[in-house]
1. If each of A:Ile344 and B:Glu74 carries a label point 7 Å out from its Cα toward its Cβ, how far apart are those two points in nm?
2. Out of residues 5 or more away from A:Arg351 or on other chains, whose amide H comes under 5 Å of its own, with H placed 1.01 Å from N in the peptide plane?
3. First select every other residue whose beta carbon is under 13 angstrom from the beta carbon of B:Gly186; then total the charges, Lys and Arg +1, Asp and Glu -1.
4. For each of A:Phe647, A:Phe37, count neighbouring Cβ atoms within 10 Å of the residue's Cβ, then give the residues from fewest to most.
5. Using the Karplus curve 6.51 cos²θ - 1.76 cosθ + 1.60 with θ = phi - 60°, what ³J(HN,Hα) values do you get for each residue of segment A:45-51, in whole Hz, with x for Gly and Pro?
6. I need to check one value: relative contact order of segment A:219-311, counting alpha carbon pairs closer than 8 Å and at least 6 residues apart, in percent.
7. Neighbour counts of other C-beta atoms within 10 Å: give me A:Arg566, A:Arg403 arranged from fewest to most.
8. For a test of understanding, tell me how many lysine pairs in segment A:109-161 have Cα atoms under 30 Å apart, given they are 8 or more places apart or on different chains.
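Just so it is clear, none of the values below were taken in a lab; they were calculated from the coordinates. Keep in mind that this is a model prediction, so the values were computed, not measured. Virtual Cβ from ideal backbone geometry, glycine too; neighbours counted across all protein chains shown.
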Amino acid sequence: MVSARLFQLFGLACLASLFLARDEDNNYLVTAPQNPFLEIGTNFTATCMITNTAEVTVDDLYWNLSKTTVSKEHYIKINRTTLNVTVPIINEEPGWLHCLCNKKSPDVVLNKSKFMGGIWLRKGYRPEKPENLSCIAVQEKTYISPTISCEWKAVGRQTNEIPTTYWLIVKGMNENKYNTSTPNNRAQVSFDTYPNFMPLEIWVEAHNKLGTAESEHLKNEANFFVKTNPPSEVKAYSEKGFPLSLFINWTHPIDTVYVKLMYQIRFCPLGSHNWTYVPLADTDKYIQSYRLQKLIPDTVYTTQVRCKNHLKDYGYWSNWSTNATERTSECRPSSKPDLWKTTIENGITERYVQLICKEPQLSNGRISRFDVRINNKKDEFKNGSWESIPVNKSKSDSSSNQRGIMKLKKIFLPDKQSVKACVTASNSVGTSPEACLVISAKPHEHTPVKELKVWPHGDRLHLEWNIPNNTAVSEYVIEWISDIHMDWQRENRTTRHTTIKGNLERFVCYNVSVYPIYMRQIGKPARKEAYLEQGAPLQGPSVELNGYPGHDVAEVMWKEIPRKIRRGFITEYKIFYTNGTKIQVVTVPANTTSCFLKSLSANTRYDVWIEASTIRGSAKGSNHSFTTLKYESIEGTVVGVSIGFLFLVLMVILLCIYKKDVIEDNFWPRIPNPGESTIGNWSPDCHLTTEIPKEHCLSGISVLDVGVCDAKHGFDEDKASLSLKKDKYLSEEHSSGIGGSSCMSSPRQSVSDSDEGADMVDTTASTVQYSSVVASSGYKGQTPSSQPQHSIFSRSESTQPLLDSEENPDMLVQEGSQHFQRFPRRSRFTQGSESKDATGCTQLDDEQPDFCPFEEDTEQTTLPDSPSTDVSPAAPISSYMPQRGGYRPQ
Amino acid sequence: MNGHVKNMHFQKFMESTARLLSFLLLMTVDSTKTVAASRNQQCENALQQPWKLTRLAQKESVLLIKTYKASQGEMSELFCKVSVSNIPDPNISGLEPSERIASIYTHIQAFSPHFKRVYEQQTDLQPPKSALLTELKRVSDRRRDLASLINNMYHKLFPNLPLPEPADGPTTLPPPQNVFQQKVYGCVVLKTYKELLSNIAKDLRTLKSKICRKRRQMNTVSF
């Protein structure tokens, strides 16, 4: 330590002398050592020396380490011009250690840069001994490669300032050294020729500026590091008559003069990766063949071989060889086939049972056929005949480890009938033991297992159950069924927990059943559904409306998602519905398939969709849109009916307005006041002009008093008038009516005549007949002449429709009555006769003085209130007098 | 009475001492046997490695001769039947194992300049990366390694005997030759070297049994 300090001072003195020799531009402060490599965790001592000036002393100096002033406690004043400082090296960051002057004299201030010295500190760690050195030389063609590769574990830390370099050194005999350097932890050394059987010494040296460290030395023969290629041309042979063995041979990968090898063999059934290793003691020799024993007949085995230096702990095992695959020869099936059944219930009284079967576990060959025997209970399960079922399976099928399910026979089984089915399997060498199954009459008479639990764990489905009450269970059958696949496995009677050993698919629902078997009889199964792994449904349910939406409610319904795409147990459904502004959600349990959406807005379009969820996620179904009603249905009905009614009323009003006349004519026909009626009497010497009735005189009633003798004529005249009706308007003579101009008009057709003249003739047929002109037969078709005649024509000027009796002339004929009555009109007649009696009478008096008194009397006698003694009591009371004869004979 | 008791104690002491000595003797014999076995194993190992390398070198020399013949063109079979002077003798001399091992070492070393000469000649005759040159280099390297192993073995087996250098002085190499002579020379060198290796392999096997058995006997006799 002291010598180092002296050396440092000596160096510093040399530096100072160099500075002294130079011109005045040099620094006044000189530091030492320059650019040191420092080990982190140690202390570093630096020296600062004042040269060439007396301006400052060591008392004016101070040290800065990475811009931080070092405490004066760490300073050591060597003499008047030399100051030491000792600082700890504590971190990896490189930095400056400056020697500075704090005197404020003008010279120092002006030449600040000259009163400064600095040391660049580079920090790092000492290299540590590399560990776990290992080297390997691999085979190349038929020799060992001349390159040896080594790797080691680098220990300790290094910094960028002081990196570590590794030297791999291989020393042969006679001090021959081969080496290579690397910053990494692996390297290679190449020889001209690999020095087989020569001793080698290998080690690694770690170097950096702070020191060197050497790994452990590997001292071994060169073959110690050799790794050869695996054995080549590995082949396996089966031997007839030896179904339990395979003969394996191979070729050495390298000549024994280089490396004497030993071997290791492993094998497994094809597709399995559970390798069985042949004991090393049997194969640790320089051998080229081996016979595998205790194998399973008719099983394809994969065999691999590897090798290494035969000396213990020498060399490395080679890689495993390529596979040698061969099938062992066949042998008689040594275990029973696995017999099972599926039942199809067909109604209550019968069953179809499908017998299914798997090949024996130890089929020992390709099963070529199954033999089935069915025995009924009534035969005490004996005397059945064997039925042979061939198996059509290719060699490649049989090579797979998965035992296929064979459908053997379908049995129609009436209820209350038991059968016993027995099956044997045969291969080319022999037949297996018999497997039997009793299908009992009452399939569910045996109790099931209790508390069955099925849950997934890892890539398996685990089952657990408790024994049923009846403990005479001989074994259990675990059956699992999906939509497209079914399989089963057997467990012994002590099993309470197992896993399903078949290949299960994820996201598929399996119906797992545990059947207890009671002395070959099948008990009632316990069942559970399970998934190996659940996922989100592939698709949500499609939603639709149930009926029509209301104005604030709608019922949506959906169907369960098909199992194939359900992929898990549905935990809930979420019904989303939105009117475009806000999405609302209703959550319902998984067993729901419909839901009411309430509090909807009226007359609003809604989009609705459903999300079905499992524990692993959810899937959205398709959208469905609907629009709510504007009103409630009852409101709509009321509003509709009201609007309809209003419309109807409006229409009626309009109709009334536009068809006022028609309606008035139909409902309130203008009935002339009989009181204003006049009876026109005219005689041949009457002037025609007197026949034109005055309007105001038409309301009166004209009554013709016709003699009994005229009745016959009248009757005839009626008949004639029928024919006239047919020939209506053939001549002007036939037209008649109120205000009509012709006195010759037919009694039946004169009704339509009015003051409106001939224009209205066309409507005659539809008009109501108010009166008939009664005339004597002698005047029919005659035109009154100017000559005085004694005949008298009289007619009623009333617009009153004819009474029933008039419209039914038959009645008239039968009655032979001389009176007509029309009660409904009676009041009007009465009224008319009462109100206009005076006026009418006056007119009548003026124009027809001869008849007027008579008419008055007659009319009065027809009033119902004053029954007339002239009229038969049975005859209806009429306000009209029957108009028969029409005209008096002249 | 007292004298009798004293005798009894002495007798017991003597018996215990005898037992202890017997036990120690047995232990010594056993450990000596173990050491002897270990030494014998070392002896066998010392001979084993040179023997293995000799076999390897022999095998490679056989292949080299095949490659050499194949690469020399027509009449290559004839080259090897011609006798050439100044080629080291493949026969091992000496009566004692040490002499024979020394002879082996000397003969192997004697082939060194010949191999060098052949390599130089074939470098001129063959394309640069020919298999012959590669194999020639390999066999030459094996020769060097074998010499080192024999040397090492000799010093292990006979640590007190110096290994004598070749008595005849430096090996005499043939004068400059034509191509045909080069081919003949090369083949004769390789063939002679192969014979030497064959002889060494046989000798080492014999020596192994001789030396290691002798040592075993010596160990046995010493006890």
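1. The modelled label-to-label distance comes out at 8.9 nm.
2. A:Asn346, A:Leu413, A:Asp415
3. Values: positive: B:Lys69, B:Lys116, B:Arg117, B:Lys183, B:Lys191, B:Lys194; negative: B:Glu120, B:Asp124, B:Glu135.
My count for the surroundings of B:Gly186 gives +3.
4. Working: A:Phe647 10, A:Phe37 14.
Least to most surrounded, the residues fall as A:Phe647, A:Phe37.
5. My calculation for segment A:45-51 gives 10, 10, 10, 10, 10, 8, 10 Hz in order.
6. 36
7. Starting with the residue having the fewest Cβ neighbours, the order is A:Arg403, A:Arg566.
8. So the count works out to 4.
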